Amino acid sequence: MENIDFHTSLLASSTFKRAYLDKCDFYKSDLRYTDFSNCFIKNSRFSKSDCWEAIFRNAYLVDCNLINVSFYLTDFSWARLENIDISVATFEETLLSGVTLKNIMGIEEAHIKSINIGTLEKPILLKSDDAKKWMLEKGEVNG
């Protein structure tokens with residue numbers, strides 16, 4: 001899918017598994033429980049979306065705007081996030097097991113309440129400052 005305008009859409013519980021999404025706009029969309037597993041997502045905007053328990057397992061997000069997104073219990077296990085902006089996004093119990101972070105902008109401005117770097121079965125929960133420190137250390141910054 002390319003150049004699709006989903007802004008302010010109710011897409012809760014939708015499935016986008018293995019989709020290729022380029023220049024899609026999910027601004028202010030309800031993406032709770034939506035499955036983006038194994039997706040390739042680029043140049044897309046998710047700002048102000050609700051990604052409560054959304055699944056981005058094994059997804060590749062590049063050049064995306066994730067500003068002010070709610071990532072409560074969102075699953076990013078084994079995902080690759082590259083050249084994304086997470087300014088003022090909220091992370092709470094967000095699963096980041098095996099995630100690759102490259103050139104992530106806005107970590108200092110993000111509201112990182114807690115992240116899970118373990119698994120759902122064996123969680124390793126990092127809170128606030130420890131979680132932010134882990135994300136800063138894990139992320140590779142170019143330039």
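So how much slack lies between Asn103 and Val88, counting 0.36 nm per residue of separation and subtracting their Cα-Cα distance, in nm? Walk me through the numbers on the way to the answer.
Working: separation 15, 0.36 × 15 = 5.40 nm, distance 1.65 nm.
Length difference between fully extended and current span is 3.8 nm.
Taking the Cβ of Leu73 as the center, what net charge do the other residues with Cβ under 12 Å away carry, scoring Lys and Arg +1 and Asp and Glu -1?
-3
Once you list every other residue whose beta carbon is under 11 Å from the beta carbon of Thr94, what net charge do they have if Lys and Arg are +1 and Asp and Glu are -1? The partial results should precede the final answer.
Numbers: positive: Lys113; negative: Glu53, Asp75, Glu92, Glu93.
Around Thr94, the charge tally is -3.
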statement: In the stretch 83-143, the GluC sites (Glu not before Pro) that sit in a DSSP loop and have at most 11 other Cβ atoms within 10 Å of their own Cβ are Glu108, Glu121
task: Return the Cα extents of the stretch 82-121 along principal axes one, two and three, sorted largest first, each rounded to a whole Å.
output: 30, 20, 10
field: Net charge over other residues, Cβ less than 15 angstrom from the Cβ of Ala131 (K, R count +1; D, E count -1)
entry: -2
query: Which FRET efficiency value, to the nearest 0.05, do you get for Met1 and Glu137 by plugging their Cβ-Cβ distance into 1/(1 + (r/R0)^6) with R0 = 30 Å?
result: 0.30
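Can you tell me the accessible area per residue over the chain, all protein chains present, probe 1.4 angstrom, in square angstrom?
Each residue of the chain exposes 50 Å² on average to a 1.4 Å probe.
In the stretch 9-143, carbon and sulfur make up what percent of the accessible area (probe 1.4 Å)?
Values: 3050 of 6430 Å².
Carbon plus sulfur share of accessible area: 47 percent.
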- line: the stretch 25-47 scanned against label point 7 Å out from Lys17 along Cα→C-beta; backbone N under 20 Å for 31-41
field: Acute angle (nearest 10 degrees) that the helix 128-138 long axis makes with the longest principal axis of the chain, alpha-carbon atoms
entry: 80
task: For Trp78, Trp134, Trp52, write out the residues from largest to smallest accessible area, computed with a 1.4 angstrom probe and no ligands counted.
output: Trp78, Trp52, Trp134
Hydrodynamic radius (Kirkwood) for the chain, which is based on Cα pairs only, to one decimal in Å: 14.6
message: Given the whole protein assembly as supplied and a 1.4 Å probe, what does the accessible area of Arg57 come to in Å², nearest 10?
response: 90
field: Isotropic mean projected area of the C-alpha convex hull, the stretch 3-59 (nm²)
entry: 3.1
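The values are calculated or read from the model by the stated rules, or taken from the named source; none is laboratory data. The structure presented is a predicted model; accordingly, all values stated were derived computationally and were not measured. Positions of Cβ are generated from backbone atoms using ideal geometry, with glycine treated the same way; all protein chains shown enter the neighbour counts. Ligands, DNA and RNA are stripped out before the accessible areas are found, and what is left, the full protein with its side chains, is counted by its heavy atoms. Shrake-Rupley method; radii C 1.70, N 1.55, O 1.52, S 1.80 Å.
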